[in-house]
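Structure record follows, encoded as structure tokens.
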Amino acid sequence: MAKIHSSVVKTDMRVSKPSHLLQHQVMAAAAMDAQWDFSCDFEVDFGSEENASIVYAALAVDKELQPDKVKRLMSVSNGKLSVHFEAVEARFLRASFSAFVDVLTLTTKTIEEFGKGMAS
């Protein structure tokens, strides 16, 4: 059975007072980054690189429906699927995360039912 680990973090970005010449650039960069205030890191241990890669491939084709409000980054390493979400609001993070877990569950159950080596 796959092992799941996750954490949710709300970030608070503050900009200190920069020198007058750089203030505009720093504030513009902060405004761009500050909108992504909510994040979630999610890791699932599939026990094998093959199974983690199968799940990654199945989930990678589904892009976020609102990429201006939610970002999702996935990677596979050592048999684990790692996913990082960022969102502008908690409700978008929750909706994206929930939809992702639904498809992840379906994919995992399919591998358990029809794939070899998933039962470890």
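Residues that are modelled with pLDDT of 55 or more, at least 3 per element: which helices (runs of 4 or more DSSP H) completely within the chain meet that?
Here the list reads 49-60, 90-114.
If I ask for residues that are surrounded by 15 or more Cβ atoms within 10 Å (Cβ to Cβ) and under 19 Å from residue 36 (Cα atoms), which ones from region 48-73 would you list?
Within region 48-73, 64, 69, 70, 71, 72 meet the criteria.
Any residue in region 70-89 that's in contact (Cβ under 8 Å) with a residue 40 or more places away in the chain and under 12 Å from residue 43 (Cβ atoms): show its pairings with residues that are surrounded by fewer than 19 Cβ atoms within 10 Å (Cβ to Cβ) and of a type outside the set (D, E, K, R) at Cβ separation under 6 Å, as long as the two are six or more apart or on different chains.
From region 70-89, the pairs are 82/75; 83/74; 84/73.
Considering only region 77-98, state which residues are over 12 Å from the mean Cα position of the chain (by Cα) and within 18 Å of residue 56 (Cα to Cα).
Correct list: 77, 78, 79, 80.
The values are calculated or read from the model by the stated rules, or taken from the named source; none is laboratory data. Everything numeric here is computed off the predicted structure, so don't read it as measured data. Don't worry about glycine lacking a Cβ; one is built from the backbone with ideal geometry, like all the others, and counts go over all protein chains shown.
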